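Chemist: I have a structure I would like to understand better, so I am pasting it below and will then ask my questions one at a time.
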Amino acid sequence: MNPAPNKKMQTDPAKAGPLMRGVSGIRKIMKYEALNFKEKLSLFEEQWSPKVIAEMNDYQFKIVKIKGDFVWHDHKDTDETFIVLEGKLRIDFRDGQVYLSDGEMFVVPKGVEHKPYAKEEVKMLLIEPRGIKNTGDEDGELTAENDIWI
């Protein structure tokens, strides 16, 4: 996983880990440091605005806080993974729904229209390819800016 591009990288060759390719394609020295979800989630308050915390190949790991209703949307070319870190999430589909609690996950298959909902705030980890818009082909007030790293 790639750390956030704006993080200071370890440069002492005696303490250096293996080289890795960063988001820009420039090789950097990898820093061995765990990411803490609670710490990252404490860095922002806004709802429905995913923040990138890591990348693996072309996939991004995004944390997000949500509350209330989202918009109906789909992702025509990719699946979307929802992992609930804290709270209770309902994902509505045109023909049913799935309920997720702390520590549970669900993969929405590509092309399946869905609408997340949370009565109370939910903190989640999303896994999806880089560049995927949170509202699919829909645009509106809940469409978040992409590739925001924390």
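Every number in this text was worked out from the coordinates using simple rules, so none of it is lab data. None of these values were measured; they are calculated from a predicted model. Note: ideal-geometry Cβ built from the backbone for every residue, glycine included; neighbour counts use all protein chains shown.
Chemist: Students often forget the sequence filter, so: which aspartates and glutamates lie under 14 Å Cα-Cα from LYS65 once same-chain residues fewer than 8 apart are removed?
Modeler: GLU39, GLU45, GLU46, GLU86, ASP102, GLU120, GLU121
Chemist: Kindly provide log₁₀ I(q)/I(0) values, in the same order as q = 0.20, 0.24 Å⁻¹, from the Debye equation applied to equal alpha-carbon scatterers of region 96-150.
Modeler: -1.02, -1.43
Chemist: Under 17 Å Cα-Cα from LYS31, which aspartates and glutamates qualify once same-chain neighbours fewer than 8 residues away are excluded?
Modeler: Partners within reach: ASP12, GLU55.
Chemist: A follow-up question, please. Any idea how far apart ALA144 and ASN36 come out in nm if each label point goes 7 Å out from Cα toward Cβ?
Modeler: About 2.2 nm, to one decimal.
Chemist: Can you pull out the chymotrypsin sites (Phe, Trp or Tyr not before Pro) in region 52-150 whose DSSP state is coil and whose Cβ has at most 14 other Cβ atoms within 10 Å?
Modeler: Answer in residue order: TRP72.
Chemist: Still on this structure, I have one more. May I ask you to sort LYS76, LYS110, LYS62 by Cβ crowding, counting other Cβ atoms within 10 Å and putting the fewest first?
Modeler: Lowest to highest Cβ neighbour count: LYS76, LYS110, LYS62.
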